[in-house]
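The values are calculated or read from the model by the stated rules, or taken from the named source; none is laboratory data. Source: prediction; values computed, not measured. A quick note on method: Cβ atoms are made from the backbone with ideal geometry, for glycine too, and the neighbour counts reach across all protein chains shown. Side chains are part of the model used for accessible areas, which takes the heavy atoms of the whole protein and leaves out ligands, DNA and RNA. Shrake-Rupley method; radii C 1.70, N 1.55, O 1.52, S 1.80 Å.
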Amino acid sequence: MSMATTSRRVLAAAARRAASRVATRASSAITAVKGREIIDSRGNPTVEVDITTTDGLFRASVPSGASTGIYEAVELRDGGARFMGKGVTGAVKAVNEVLGPALAGLDPTEQQAIDDKLLALDGSKNKANLGANAILGVSLAVAKAGAGAKSVPLYRHFADLAGNEVSPMTMPVPCFNVINGGEHAGNALAFQEFFVIPTGAPTFKESMAMGCEVFHNLKKVIKTKFGGDATLIGDEGGFAPPVDAQSGLDLLMEAISKAGYDGKCTVGLDVASSEFKVKGEDKYDLDFKTPEPKKNTAMTLSGDALADFYADLCAKYPIVTIEDPFDQDDWPNWIKVCAKLGDKVQIVGDDLTVTNVEIIERAIKEKAANALLLKVNQIGSISESIAAVKMCKQAGWGVMTSHRSGETEDNYIADLAVGLCTGEIKTGAPCRGERTAKYNQLLRIEEDLIEKAATPIYVGPGFRTPNWMG
């Protein structure tokens with residue numbers, strides 16, 4: 001029996017247990033589904049879905065990435081001149097004319113059954129017919145309606161769906177993306193994200209204070225070194241100074257020190273190396289954004305040289321996580337870097353694994369990574385996302401819940417991180433409303449749990465192995 005089959009059976013059993021806990025309530029029913037086109041944080045259209053049930057109206061919206069893996073579920077876009085081809089009226093039509101009508105009368109607490117129905121209606125392996133953005137919008141709204149039907153917070157409903165009965169619950173460690181490069185910024189920096197991670201905080205609330213203070217000190221440091229223009233922010237709220245990888249990490253360490261948090265903050269990287277892999281060669285161009293003839297050819301490294309570079313950085317800085325160190329198809333180098341650094345550093349699959357249980361299963365068997373970046377829009381439904389998390393946890397992997405560069409004000413990933421006990425979350429810098437919406441929801445969740453005499457754990461340096469491992 002494959003790991004994917006086992007994971008599905010365990011998930012179904014968890015759903016049955018959760019259903020038994022609410023068997024005494026009056027059943028809820030979906031009465032209407034409405035999709036619409038709204039605008040995300042990058043000025044591009046995305047899908048929003050309203051689901052009306054006998055308990056009220058529940059709304060969800062779908063994020064979108066700039067740096068996307070080629071194996072992600074298909075995001076349906078209109079093409080043509082309108083919105084430069086990025087309209088989503090086709091996906092909205094799929095919600096209103098295909099997916100929505102099929103859900104009339106169904107109980108929103110039956111998440112797995114509804115998600116299975118959505119996938120069957122699409123009929124393709126990668127959701128290319130109706131669009132992952134259409135399917136996810138409905139799946140997310142159903143989850144919120146399910147929580148409403150049970151009169152429980154969304155994080156509790158996610159925990160029930162996954163079979164997470166561990167108490168106390170766990171607040172995730174925030175990974176603040178405070179320096180932007182790669183496809184998220186207009187500077188020459190190849191690496192996409194540089195994280196400040198307050199692993200030494202005693203509570204989530206304190207971790208937010210630490211992250212915000214480091215962020216403001218970083219702004220001062222950058223302004224002093226490079227001038228005010230370098231403090232303009234990128235897609236995810238971080239700064240985009242004219243630095244390379246090492247000097248970017250130096251800036252982080254200086255800001256941490258000036259904030260008074262030496263030894264209390266670690267750092268991390270999202271390399272997003274698929275963006276600068278040299279096609280057809282075992283080479284990576286760290287100067288990929290510089291046009292010829294100004295390009296520095298010395299910054300083009302072989303896979304082995306790039307792995308050595310990561311090792312050197314880890315020796316010099318308190319790096320605890322590296323995401324997408326190699327291209328999504330470069331399995332040999334993933335395996336080598338995980339063997340080289342994985343005992344001390346989290347090696348996170350994003351473009352490699354795309355929240356897909358079939359690819360995750362391969363990565364586990366080949367020891368190509370030891371952590372998952374959880375992005376629900378990569379796979380396109382809540383049930384599939386939960387299955388991916390459970391598979392990773394059962395293999396001993398870490399799980400980092402993640403936003404996308406194109407976000408909305410929807411804060412569901414905060415509840416997902418707590419309900420699935422992922423132990424870590426990245427949702428940008430403590431800047432820009434679509435980013436702080438998630439952090440603020442986590443503050444509310446922590447407060448809610450404390451008020452219910454169920455004070456949560458802040459997992460700190462143990463973020464890779466929190467108290468529920470699937």
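Side notes on the structure shown:
- Maximal additional length on extending the residue 116-residue 98 stretch stands at 5.0 nm, based on 0.36 nm per residue less the C-alpha distance.
- Each residue of the stretch 294-307 is assigned a 3J(HN,Hα), and the resulting list reads 7, 4, 8, 5, 5, 8, 9, 10, 6, x, 5, 5, 5, 4 Hz, derived from the Karplus form 6.51 cos²θ - 1.76 cosθ + 1.60 (θ = phi - 60°), x at Gly and Pro.
- For residue 62, the residues whose modelled amide H falls within less than 5 Å of its own, excluding neighbours fewer than 5 places apart on the same chain, are 47.
- Amide H to amide H distances under 5 Å link residue 329 with no residue, where only residues 5 or more positions off or on other chains count and H is placed in the peptide plane.
- Taking every DSSP beta bridge that has both ends in the stretch 277-405, the antiparallel portion is near 30%.
- Normalised by the number of residues in the chain, the average gap of Cα pairs under 8 Å and 6 or more apart makes the relative contact order 20 percent.
- Sequence-distant residues sharing a close amide H with residue 458 (under 5 Å, placed H): 171
- Among the protein heavy atoms, those of residue 212 account for about 40 Å² of accessible surface (1.4 Å probe, every chain in place).
- Scattering curve values for the stretch 126-214, log₁₀ I(q)/I(0), Debye with Cα scatterers, q = 0.13 Å⁻¹: -0.79
- Ellipsoid equivalent to the stretch 46-189 - semi-axes via the Cα gyration tensor, in Å: 28, 24, 13
- Size of electric dipole in the stretch 338-455: Cβ of Lys, Arg +1 and of Asp, Glu -1, about Cα centre, debye, nearest 20: 420
- The stretch 172-231, accessible surface, carbon-and-sulfur percent (1.4 angstrom probe): 50
- Site pair residue 366 and residue 315 shows an inter-label distance of 2.8 nm when each label is modelled 7 Å from Cα along Cα→Cβ.
- Mean silhouette area of the stretch 133-290, derived from the convex hull of its C-alpha atoms and averaged over all directions, reads 13.1 nm².
- Nearest 10 degrees, 0 to 90: helix 111-122 Cα axis against the chain principal axis: 80
- Building the convex hull from the alpha-carbon atoms of the stretch 300-429 and averaging its projection over directions returns 8.4 nm².
- For the chain, the share of DSSP beta bridges that are antiparallel, to the nearest 5, is 60%.
- Of the whole protein surface, residue 249 contributes about 0 Å² of accessible area at a 1.4 Å probe radius.
- Principal axis extents of the C-alpha atoms in the stretch 293-359 (largest first, rounded to whole Å): 42, 29, 17.
- Size of electric dipole in the chain: Cβ of Lys, Arg +1 and of Asp, Glu -1, about Cα centre, debye, nearest 20: 780
- Binned Cα-Cα distances of the chain, short to long, each 10 Å bin given as a whole percent: 4, 21, 32, 27, 12, 3, 0, 0
- Over the chain: helical MRE at 222 nm, DSSP H runs n ≥ 4 each giving -39500 (n - 2.57), nearest 500: -12000 deg cm²/dmol
- Once C-alpha pairs closer than 8 Å and six or more residues apart are averaged by separation and normalised to the residue number of the stretch 81-158, the relative contact order reads 33 percent.
- Normalised per residue, the accessible area of the chain is 37 Å², obtained with a 1.4 Å probe and no contribution from ligands, DNA or RNA.
- Note on the stretch 92-150 and the stretch 159-228: Cα centroid distance 32 Å, given to the nearest whole angstrom.
- Top positive-direction residue, dipole computed over the stretch 317-397 with Cβ charges, set 352, 394, 322: 394
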